[in-house]
Amino acid sequence: MHKDSLGNEGRTVAGDVQVMRAGTGIFHCEFNREDKPTRLFQLWIDMRAPDASPRWASTAFPKANQTGRFATVASGRVGRGGLPIDADACVLGATVRAGEQDRA
């Protein structure tokens, strides 16, 4: 669960992707309301403009026909898809079974 000082609140389920730009300042927390442990993967990427206003967004990871294939989940590059970020970066993700390789 995500909650922040901008009034954003959302439940991020397994496989979802969220982005947050701290920018000029934001208070936030991530917490687990489930009865079982939560695992998450978090990346911190330097922004192009650190003085930008803060923001938050979330979306489901593209699952259909993606097994073994990379998909853009967040990008600061025009036309790459995924959630927009204010950075010179492109974050890719894939669902890969044991022994499987990327088919891209």
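Nothing in this text is a laboratory measurement; each read-out follows from the coordinates by a stated rule. Note that the structure is predicted; figures quoted are calculated from it, not measured. Here Cβ is always computed from backbone atoms with ideal geometry, including for glycine, and neighbour counts include all displayed protein chains.
Data table
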{"quantity": "Selection count, the stretch 25-46, where residues are closer than 19 Å to Leu92 by Cβ and surrounded by 14 or more Cβ atoms within 10 Å (Cβ to Cβ)", "calculated": "1"}
{"quantity": "Filtered residues of the stretch 2-13 (kept if surrounded by 14 or more Cβ atoms within 10 Å (Cβ to Cβ) and part of a loop (DSSP other than H, G, I, E, B))", "calculated": "Leu6, Asn8, Thr12"}
{"quantity": "Residue tally, condition in a loop (DSSP other than H, G, I, E, B) and surrounded by 10 or more Cβ atoms within 10 Å (Cβ to Cβ), over the stretch 14-24", "calculated": "4"}
